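All remarks here apply to the structure that follows.
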Amino acid sequence: MTVPYDPNDREKVVAKLPSELRKELKVRAAEVDTDIQDAVTQGVEAWRKAKSVRPIVDTAGGTSFATYLPTGLYDKLRKVCKSRGISYNQGIAQSIRLWLDEHPSPRPKPQRVTGARRFIFGNQKGGVGKTSVSAGVAQALAETGHRTLLVDFDPQGHLTKQLGHPLIDIDAPSLAKHMLGEVKDGTLTDLLIPIKGGDFEDHLWLLPACKDAFLLDAKLATSRFVRIKETALEKALEPLEHDFDFIVVDCPPSLGYSMDTAIYYCRTREGEEDSTSGIVIPVLSEDSSADAYDMLEEQIEDLIEDIEVVIAQLGFVVNMYDSRKGYVATSSLEEWQKIGDPPVLAVVPELKDQREAVRMKEPLLAYAPYCEQAEAMRAIARRISG
Ligand SMILES: Nc1ncnc2c1ncn2[C@@H]1O[C@H](COP(=O)(O)OP(=O)(O)O)[C@@H](O)[C@H]1O
Ligand SMILES: [Mg+2]
């Protein structure tokens, strides 16, 4: 249900809520495809009108939660709080609890047949947002309580560095060495690093990059194993799949064998529903992005033909959009939208928060959890995981 309020006519409201309640709200809002601010608005409206006194919600140990309510609604809530003799904070907490009670989780979805759901973020063009969008979407998925693995599959290691971690030492076990069968002892699990901070804490892990991945294309090309070019990434990551709900891969800016193996990894497996896994393509609103997409699309088509796989293109993310750039930006956005299938999942404006988060080496959803870009990441996560 959408709420009949002008989105511009809202005021910021901050409450202290326990993290469990916040998480429950995020998960449920995602499940029933509602914005968090609309869910809270609905909760407050229902709570104001509730005839019976609602049970007290334990808000001990609460931390800051900010949302936007239609202007004037918070005043009304405060009046009711006074008449019921409770704090404003308690009023918000009860409103959220009421909304959760009135919006139960939909029936469990059919169990997936195999492994984790796999999303790769690819485009051979650099600087379009593969790293930032894959990281943001992985944080958003983890925030809703899903165990999520973020794989830095770009030998440049931007993702690893941006999250404040060192690249794996060139001689140490790494993803590429596991893919090539060059590791004697240990498993990939040994390489995972938990990403801390934000509401995703305890649900997000990073598989860091290693510069040895620069050699991966050449080594895959000359491997004597049949089909390893396509299957290497899957073979390496499959043992981790039972530990995760989602595996998100930040791809390198290339169209080599590494990309083939990543595309293969996100194919629709036998028995898996369509679009359970797939590729998301971050693009810019400019002409050269369209040419880049043509080449990527050709590579996907070749793979589909060569080895008869189904690859779901989940959609484009038109990133760093700035309509002030004029006709080239606006018309090329229209071109992306005109494609229709795959759809445009989101248009993300050029925003300062992303660059600031990178500078601070913090995950975006921990650095600025309520910024417009963080909300865009949650919207993309909802669309591709729904
Ligand atoms: N929406 C955005 N607004 C502002 N800066 C952005 C945005 N998305 C990405 N950036 C910045 O642009 C640069 C390139 O993005 P990145 O995600 O590294 O692209 P890619 O992985 O495709 O090379 C980075 O410095 C990143 O922080
Ligand atoms: Mg990158």
Inter-centroid distance (Cα atoms) of region 36-110 relative to region 202-216, Å: 41 Å
Please give the contour-minus-distance gain from Val309 to Arg84: 0.36 nm per residue of separation, less the Cα-Cα distance, rounded to one decimal in nm. 74.9 nm
Using a 1.4 Å probe over the heavy atoms of the protein chains, calculate the carbon and sulfur portion of the accessible area of the chain as a whole percent. 51 percent
Between Leu240, Pro253, Ile279, whose Cα lies farthest towards the positive end of the dipole of region 205-283 when Lys and Arg beta carbons carry +1 and Asp and Glu beta carbons carry -1, centred on the Cα centre? Pro253
How many percent of the alpha carbon pairs in region 246-299 exceed a separation of 15 Å? 54 percent
Tell me, which longest segment in the chain has none of the GluC sites (Glu not before Pro) that fall in DSSP loops with at most 11 further Cβ atoms within 10 Å? 1-269
Label point distance in nm, His242-Lys325, each placed 7 Å from Cα along Cα→Cβ: 4.7 nm
Report the Cα centroid-to-centroid distance between region 7-27 and region 333-367 in angstrom, as an integer. 22 Å
Might you report the magnitude of the Cβ-based charge dipole of the chain about its Cα centre, with Lys and Arg at +1 and Asp and Glu at -1, to the nearest 20 debye? 2100 debye
Of Gln162, Gln124, Ile86, whose Cα points farthest to the positive end of the dipole of region 41-191 (charges on the beta-carbon: +1 Lys, Arg; -1 Asp, Glu; origin at the Cα centre)? Ile86
Grab the DSSP H runs of the chain that are 4 residues or longer, score each as -39,500 (n - 2.57), total them, divide by all residues and round the 222 nm result to the nearest 500 deg cm²/dmol. -13000 deg cm²/dmol
Roll a 1.4 Å probe over the protein chains and send me the accessible area per residue for the chain in Å². 47 Å²
Candidates per trypsin sites (Lys or Arg not before Pro) in region 1-98, loop by DSSP, up to 16 other Cβ within 10 Å: Lys51
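The values are calculated or read from the model by the stated rules, or taken from the named source; none is laboratory data. What you see is a predicted model, and the numbers here were worked out from it, not measured in a lab. Neighbour counts are summed over all protein chains in view; Cβ atoms, including those assigned to glycine, are modelled from backbone coordinates with ideal geometry. All accessible areas refer to the heavy atoms of the entire protein, side chains included, with ligands and DNA or RNA removed. Shrake-Rupley method; radii C 1.70, N 1.55, O 1.52, S 1.80 Å.
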